[in-house]
Amino acid sequence: MQLLATLVRAIDRFNATVGRAVACIILIMIAVVIFEVVMRYGFRAPTQWANELTTYIFAGYIFLGAGYTLLYRDHVNMDVVYASLSRRTRAVLDVLTAGFAFLYCYILVSTGWEAAWGAFLSGRTTGTDWNPPLYPALVLLPIGAGLLLLQLFAKFVRDLFCAVTGRELVEDGEAP
């Protein structure tokens, strides 16, 4: 059990660190948007790249923050019913439905990787006026899904332990 608790804590710390780093990306996105607004309305010289770069940055923010979001249980839940259940009952439900989440992450990782690798090999670009390569944005999907998959594993181990024993594997005070 100690080994599993250590592994869960390590995954939690990793996703917490990645999440905090990814949170800083929003500052870059804000700077790009401000730059575009100043160029467009202050100098009447809009850029060809700012709107598309903002989309790329936001995609990275969303994809790479998925594991962090799961760590802090901020994904959408049906809280009206779920929150009224005991911790052990929620853990049992989460264990029973974890297979769907694992399958979803597997599909995101495998198809995302295929799409990113295909775009890299073909040299595919966005086809816009700026026309950057597409693979840097596409590779964020399998990386983010991989981070989510890691955190999903940690959550599954926690939930399975709680469902079987009725106790927490890692206490709440031990979160990163």
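Restricting attention to segment 13-27 and to residues that are more than 13 Å from the chain's Cα centre (by Cα) and surrounded by 12 or more Cβ atoms within 10 Å (Cβ to Cβ), the residue that is nearest to THR165 (Cα to Cα) turns out to be ARG13. Only residues that are free of Cβ contacts under 8 Å to residues at least 24 places away in the same chain and among the aliphatic types (A, V, I, L, M): list them for segment 55-76, please. Within segment 55-76, just VAL76 meets the criteria. Of the residues ALA119, ALA98, the single one that is touching a strand residue (DSSP E or B) at 6+ places or on another chain (Cβ under 9 Å) and of a type in the set (A, V, I, L, M) is ALA119. Close Cβ contacts (under 8 Å, 6 or more residues apart or on different chains) running from residues in segment 109-135 that are among the charged types (D, E, K, R) to residues that are surrounded by fewer than 17 Cβ atoms within 10 Å (Cβ to Cβ) comprise ARG124/GLY118; ARG124/PRO133; ASP129/GLN48. Set side by side, the residues GLY112, GLY67, GLY118, GLY60 differ, and just one is surrounded by 12 or more Cβ atoms within 10 Å (Cβ to Cβ) and closer than 20 Å to ALA154 by Cα, which is GLY67. Of all residues in segment 20-46, those being touching a residue at least 24 places away in the same chain (Cβ under 8 Å) and either within 23 Å of LEU134 (Cβ to Cβ) or not in a helix (DSSP H, G or I) (or both) number 6. One residue stands out among those in segment 72-99 that are more than 13 Å from VAL164 (Cα to Cα) and of a type in the set (Val, Ile, Thr): the one that is modelled with the highest pLDDT, which is THR97. Exactly one residue out of ASP94, ASP79 is charged (D, E, K, R), in contact (Cβ under 8 Å) with a residue 40 or more places away in the chain and either touching a Phe, Trp or Tyr at 6+ places or on another chain (Cβ under 8 Å) or exposed (fewer than 11 other Cβ atoms within 10 Å of the Cβ) (or both), and it is ASP94.
Inspect all residues belonging to segment 28-47 and state whether any of them is of a type in the set (Gly, Ala, Ser), surrounded by 14 or more Cβ atoms within 10 Å (Cβ to Cβ), more than 18 Å from the chain's Cα centre (by Cα) and at pLDDT 95 or above. So far as segment 28-47 goes, no, none of its residues is of a type in the set (Gly, Ala, Ser), surrounded by 14 or more Cβ atoms within 10 Å (Cβ to Cβ), more than 18 Å from the chain's Cα centre (by Cα) and at pLDDT 95 or above.
Tallying residues that are crowded, with 19+ Cβ neighbours inside 10 Å and charged (D, E, K, R) within segment 121-167 yields 3.
The values are calculated or read from the model by the stated rules, or taken from the named source; none is laboratory data. Note that the structure is a prediction, hence the values are computed from the model and not measured. Quick reminder, even Gly has a Cβ in these numbers, built from the backbone with ideal geometry, and neighbours come from all protein chains shown.
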